[in-house]
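Chemist: Sharing a structure here in structure tokens format.
The values are calculated or read from the model by the stated rules, or taken from the named source; none is laboratory data. Bear in mind that the values here come from a model prediction, so they are computed numbers and not experimental data. Heads up, the Cβs are rebuilt from the backbone with ideal geometry, glycines too, and the neighbour counts pull from every protein chain shown. Surface accessibility is based on the protein's heavy atoms, side chains included, excluding ligands, DNA and RNA. Shrake-Rupley method; radii C 1.70, N 1.55, O 1.52, S 1.80 Å.
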Amino acid sequence: MLIDRFQRQVTYLRISVTDRCDLRCVYCMSENMKFLPRASLLSLEEIIQVGRCFVDLGVTKIRITGGEPLHRRDILKVFRELGELEDLRDLTLTTNGTQLTRFAADLRSAGVTRINISLDTLRPERFRALTRNGRLEQVLAGIDAAQRAGFDRIKLNAVVLKNRNHDEVAALVAHAIERGVDISFIEEMPLGHVGEHDRAECYYSSDEIRADLAEHFELLPTAESTGGPSRYFRIPGVDTRVGFISPHSHNFCDTCNRVRLTSEGRLLLCLGQEHSVDLRRVVRANPGDDAALKQAIVDSMAIKPQGHDFDITAQPVIFRHMNHTGG
Ligand code: SF4
């Protein structure tokens, strides 16, 4: 039965709420980002309805992502209403940190439990180059605000590329330890065409990062998990966990527990494939009808793929950018 498969497998929904790529977003460097017509975007009410239906079906963790989700107007409404869902154990957010001085306290009181903040470098000039004019100090101030707001856990996310920022992994861990936050190092996922670097040339594996870190820190494997793809390590004497998200070197598809909703209402069954269901059509054809929506969600399990076919040496086969699904 598809409902059994759904409830056995899917516990985690990631919702992308924005289609506009913030120039300070560190993930994508593509030249031809475009803004989608408002009518094609799920409204805040529609996002809330989809989120509620997933929770009714058994999902216990929702992550709000983007581009930069905090750029979406009135986005706190989504956090507040999802935050009230009793069966939702974990309401989380991935952000580039630029808006946290403004939103951190409200997000915490809306029920957000944990935040992931993108931070690939601690060098202002390198940050400006990576994010095309972003200001590092704005993100660091955002992390300060998040720490003052008192989230259960804060995690820094760093996409590491050779000859771009691989020489900073130890400094990034030291920064995380200083702040008492977690950090995850992410192998770049080959989504969308990127013009300014060769993915195969810049690939820097989790094992290479661990070897670099081992010169500075004792990394002890731990079974701790946040329900996501990170494999965590502990450093004796500090609270910081160091995680590795390794789609290439340590494939994690056999424990996949997630699906993604794009800001246009496409339910993506796998980040690394194009299998999807148009939930926007279902929502708009059956206004307010949760039963029809839940049936469409459960039926989507029939096309959930076993895993990705990422090949870092080949041209990307998935043309949507990371900022379309928020990872
Ligand atoms: S690539 Fe697809 S199957 Fe693998 S973990 Fe990600 S979403 Fe799941």
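Chemist: Rounded, prolate or oblate: which fits region 188-263, taking a ≥ b ≥ c as square roots of the Cα gyration tensor eigenvalues, rounded meaning a/c under 1.5, else prolate when a/b beats b/c? Don't jump to the answer; show the numbers that get you there.
Modeler: Working: a/c = 2.43, a/b = 1.30, b/c = 1.87.
Note, shape of region 188-263 comes out oblate.
Chemist: Can you count the Lys pairs in the chain with C-alpha separation below 26 Å, eight or more apart or on different chains? Each step should come with its number before you reach the end.
Modeler: Numbers: Lys34/Lys77; Lys61/Lys77; Lys61/Lys155; Lys61/Lys294; Lys61/Lys304; Lys77/Lys155; Lys77/Lys294; Lys294/Lys304.
Pairs that pass both the separation and distance tests number 8.
Chemist: Please give the FRET efficiency for Glu86 paired with Glu201, using the beta carbon to beta carbon distance and R0 = 56 Å, rounded to the nearest 0.05.
Modeler: Working: r = 49 Å, r/R0 = 0.88.
That pair, Glu86 with Glu201, gives E of 0.70.
Chemist: Summing -39500 (n - 2.57) over the DSSP H runs of n ≥ 4 in the chain and dividing by its residue number, what mean residue ellipticity at 222 nm do you reach, to the nearest 500 deg cm²/dmol?
Modeler: Details: 12 runs with 107 residues, N = 327.
Value at 222 nm, helices only: -9000 deg cm²/dmol.
Chemist: Give, rounded to the nearest 20 debye, the magnitude of the charge dipole that region 76-208 has about its Cα centre when Lys and Arg contribute +1 at Cβ and Asp and Glu contribute -1 at Cβ.
Modeler: Numbers: 18 positive and 22 negative charges, 109 e Å.
Dipole about the Cα centre, nearest 20: 520 debye.
Chemist: Just to be sure I understand: of the beta bridges DSSP finds with both ends in the chain, what percent are antiparallel, rounded to 5?
Modeler: Working: 12 of 44 bridges.
Here the share of antiparallel DSSP bridges comes out near 25 percent.
Chemist: Still on this structure, I have one more. Relative contact order for region 2-325: what percent, with Cα pairs under 8 Å and sequence separation of 6 or more?
Modeler: Values: 627 pairs, mean separation 68.3, N = 324.
Result for region 2-325 is 21 percent.
Chemist: With θ set to phi - 60° and the Karplus curve 6.51 cos²θ - 1.76 cosθ + 1.60, what are the ³J(HN,Hα) couplings of region 96-101 in order, to the nearest whole Hz, using x for Gly and Pro?
Modeler: Karplus-based 3J(HN,Hα) across region 96-101 equals 8, x, 5, 10, 6, 4 Hz.
Chemist: Rounded to whole Hz and in sequence order, give me ³J(HN,Hα) for region 185-200 from the Karplus expression 6.51 cos²θ - 1.76 cosθ + 1.60, θ = phi - 60°, writing x for Gly and Pro.
Modeler: Working through the residues one at a time gives 9, 10, 6, 4, 9, x, 9, x, 7, 10, x, 9, 8, 8, 4, 5 Hz.
Chemist: Hey, any idea what % of region 2-325's accessible area is carbon plus sulfur with a 1.4 Å probe? Can you show the working numbers first?
Modeler: Details: 6590 of 13540 Å².
Result for region 2-325: 49 percent of the exposed heavy-atom area is carbon or sulfur.
Chemist: Now for a separate question. Which angle between 0 and 90 degrees, to the nearest 10, do you get for helix 136-149 versus the longest principal axis of the chain when only C-alpha atoms count?
Modeler: For 136-149 against the chain, the angle is about 60 degrees.
Chemist: Work out the charge dipole of region 2-325 with +1 on the Cβ of Lys and Arg and -1 on the Cβ of Asp and Glu about the Cα centre, then indicate which of Asn163, Thr113, Leu82 is farthest towards its positive end.
Modeler: The residue sitting most towards the positive pole is Leu82.
Chemist: Just to check I understand the Karplus step: with θ = phi - 60° and J = 6.51 cos²θ - 1.76 cosθ + 1.60, what whole-Hz values come out for region 10-20, glycine and proline as x?
Modeler: In residue order, the calculated couplings are 9, 10, 9, 10, 10, 10, 8, 10, 9, 10, 9 Hz.
Chemist: Another one. How tilted is helix 169-179 with respect to the longest principal axis of the chain? Cα atoms for both, answer in degrees (0 to 90, nearest 10).
Modeler: So the helix axis and the longest Cα principal axis differ by about 70 degrees.
Chemist: Place a point 7 Å from the Cα of Arg153 along the Cα-to-Cβ direction; which residues of region 65-88 have their backbone N under 12 Å from it?
Modeler: Nothing falls inside the zone, counting backbone N under 12 Å.
Chemist: Quick one: dipole size for the chain, taken about the Cα centre, charges +1 on Lys/Arg Cβ and -1 on Asp/Glu Cβ, in debye to the nearest 20. Intermediate values should be presented prior to the final figure.
Modeler: Details: 43 positive and 45 negative charges, 158 e Å.
Here the size comes out at about 760 debye.
Chemist: Right, another one. Which one, Ser43, Asn257, His308, projects farthest toward the positive side of the charge dipole computed for the chain from Cβ point charges (K/R +1, D/E -1)?
Modeler: The residue sitting most towards the positive pole is Ser43.
Chemist: Let me ask something additional. Between Lys162 and residues 5 or more places away or on another chain, which pairs have amide H atoms under 5 Å apart, with H built 1.01 Å from N, and which residues are they?
Modeler: Amide H neighbours of Lys162, under 5 Å, 5+ apart: Tyr203, Tyr204.
Chemist: A follow-up question, please. What whole-number value in Å² describes the accessible area per residue of region 2-325 for a 1.4 Å probe? List each step's numbers first, then the result.
Modeler: On the way: 13540 Å² over 324 residues.
That works out to 42 Å² for each residue.
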